[in-house]
Structures are given as structure tokens and as C-alpha cells.
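Here's the structure we're looking at; comments come further down.
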Amino acid sequence: MGKAIRRPSSLGKYVSVVVLIAMTTWITVHVVSHWEEFKIIRRLSAFDCIFLLCFVLIYYLVQGLLIKVSVLPFDVMLRSNESFGVLMVTLLGNYILPLTGFGFRAAYLNRVHGLEYRHFLSTTASIYVTTFTIYTAGGLGSIVSRYFHKGFQHWGLALVLAASLVVCLVVASSSFTVPRSHHRIVARILGFLESWYKVRKNRPWVVSMFALAVVQFFLYALIFWYSFRALGLHVDFLAAWLPACLSMYALVFRVTPGAFGTYEGAVVYSAVLLGCTVPQGLLVVTVVRIVSACWIFTLGPLFSRLFLQRNDQVHQRKHLQ
């Protein structure tokens, strides 16, 4: 059995606190100094809220399905409501401490379904590879589209996304012997790649993973597009691919609970590139945050209790055996 996921180091906690304080201060200053602009949030109607709640729920259901499919190569058959519940508890945990939710997911799948930690790493690798590839391609496509239609030029960001996409495609399509390393960080990256190469040989499964990632991306972009439109901001659907892409990076490379601050920064940066102001970008990300939090903090605790009860039942059965 593989080793359990380690808790964040003291340095990581220090960085998390510093970033959290800095971003909270920055957001507070902008809200206070541009309070009048924030009043456009009153434009949101009850229909807008219901629409966003429905599509965020559908988005999470697709994410749950992605988790369900990711464990199939290891003969783990999750029910649809179970994989959705695992996702909600993961998201709830990540709001408490960075990566805490992934620790729960790994422990639950191991104790209840017997999924070894090294195999959990493989499932995580498959989700990351497919998601990064699709979202990065979408972000780059958004920049290219705006260049041809509106003369939008931001070659620095385009170069970074293009380089990231090349790396994603190389990892997703190539296969080679992964070397060993004694450096901790390098060893983790190489272990991640090795895990992906072990599962990518199943072509139909890989196609299913990428198909779900595409659906997930379009739903996420739709949520951002509608949030912009509901606030009276004229951002087209292709343009909304950019905040969908960059916010995903913030969620994956989170250094604060719930990626607070970095997520807001990624969306605001995207909004400014699309012609919005900083307060308008903050409004959009606030709407998306609130709608998402409604589901996470409602369903997360509910599924947490259900899974704890199931874990106790499994433990009791093993003890009797």
C-alpha cells in the first residue's frame, strides 16, 4: 500500500497565510473604494440566480462523473451519487485547507473500495492531464479568436498557454520510461507522469475522460459567460473561455483554502483583458463563488456525514472478519 498524502509543510502554511492576507486586503480596498460600481449586482434577477444554480449543479455532476470514470481501470465501481458526493466533500475540504479534500478522497476510496494510494495517484493524474489539456486549449483558443475578431494582443499570456498546451499534449500522447530522482519535488512529478502512463493505454477510457473534460469546460465557460451577461457586461461566449481556463489554474495550484484570492485574481485578470474593470471582474467572481458555495456548503456536510457512517460500517465489517 502506498504512502498517505502528507500534510502541508510549515513553509506552505506560512505562504498560504501571507497570500490570503495580501489578497483579502487587495479585494477589500477595491470593494470599499469602488462601492458604487458594486451596486450593479442588483441587476441579478431571481431567474439569473436559478439559472446559475442549475448550471453549476450540472457542472458538478459532470465533475463527479469524471471521478467515476477515472477509477474504472482499477475495477472500482462508484455509483453516480457516490462519485458526486465524493466530489462535494473534496470541494468542502479544500475550502478548509488546501488539498485536504484530496486527502479525504484518497482515504475514502482506499478504505471503502480498496483503491491503493498509488492507484489513486493514477486517477488524479488522469483527471489533471485531461483537464489541463482541454482548459489550456480553450484559453488559447479564446485569445486567438479575439485577435482575429477584435485585434486583441496579449502575446505573453498566449505564449505561456501555448507552451503549457505543448507540454500537456506531449504528456497525453507520448510514452517513455520515466527516470528516477532523489529530489522530492522532481520525484513527485515523475511519479505523477508514471501513474498517467500506466492508465493511458486504455484508449476507450482515455477518450471518455477527454470527452467529459470537454463537456465540463463548456459548462464552466457558460457559467462565466452568463455571469458577465447577467451583470450587464458584454462578453461573448468565446471570450468567457479565458477566465474559465485561468481560474482552473488557480484552483489546481491553490495555496490558500478554496484558492481564495488567487482564484479571484485569475478571474479579475481575465476580465480586465476582456475590457472590464477590476470591480466588474470582482463582481463576476463573487457571483460564481456564491453560487458554487451554495452547493458546496449545503451538500458537502450532508455527504460527509453519509460517508463517515459508511466508513464506520466498513470498519465494523472488517473488524468482525
For the chain, the longest principal axis of the Cα atoms and the Cα long axis of helix 46-70 enclose an angle in degrees, to the nearest 10, of 30
Honestly region 251-313 on the Cα gyration tensor test (a ≥ b ≥ c root eigenvalues; a/c under 1.5 rounded, otherwise a/b vs b/c for prolate or oblate) is just prolate
Volume per residue (Å³) of the convex hull spanned by the alpha carbons of region 43-314 is 133
Using alpha-carbon positions, the gyration tensor of region 49-94 gives root eigenvalues a ≥ b ≥ c; with a/c under 1.5 called rounded, otherwise prolate if a/b exceeds b/c, else oblate, the class is prolate
For K201, counting only aspartates and glutamates whose alpha-carbon sits under 17 Å away and dropping same-chain residues fewer than eight positions off, the answer is D75
Here, region 95-172 modelled as identical Cα point scatterers in vacuum has Debye log10 I(q)/I(0) at q = 0.18, 0.21, 0.25 Å⁻¹ of -0.81, -0.91, -1.06
If one compares the long axis through the Cα atoms of helix 184-199 with the longest principal axis of the Cα atoms of the chain, the angle in degrees, nearest 10, works out at 80
For the chain, the longest principal axis of the Cα atoms and the Cα long axis of helix 262-273 enclose an angle in degrees, to the nearest 10, of 40
Contour minus Cα-Cα span, L308 to E37, at 0.36 nm per residue, comes to 93.1 nm
Summing -39500 (n - 2.57) over every DSSP H run of at least 4 in the chain, dividing by its residue total and rounding to the nearest 500, the 222 nm mean residue ellipticity is -26500 deg cm²/dmol
Sorted on mean Cβ neighbours within 10 Å (highest first), peptides 166-173, 153-160, 238-245 come out as 238-245, 166-173, 153-160
Counting Lys and Arg as +1 and Asp and Glu as -1 over every other residue whose Cβ sits under 14 Å from the Cβ of V76, the net charge comes to +2
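The numbers here are math on the coordinates, done by the rules we state, and not lab data. Treat the numbers as computed from the prediction; the structure is a model and nothing was measured. Every residue, glycine among them, receives a Cβ derived from its backbone with ideal geometry; neighbour counts consider all protein chains shown.
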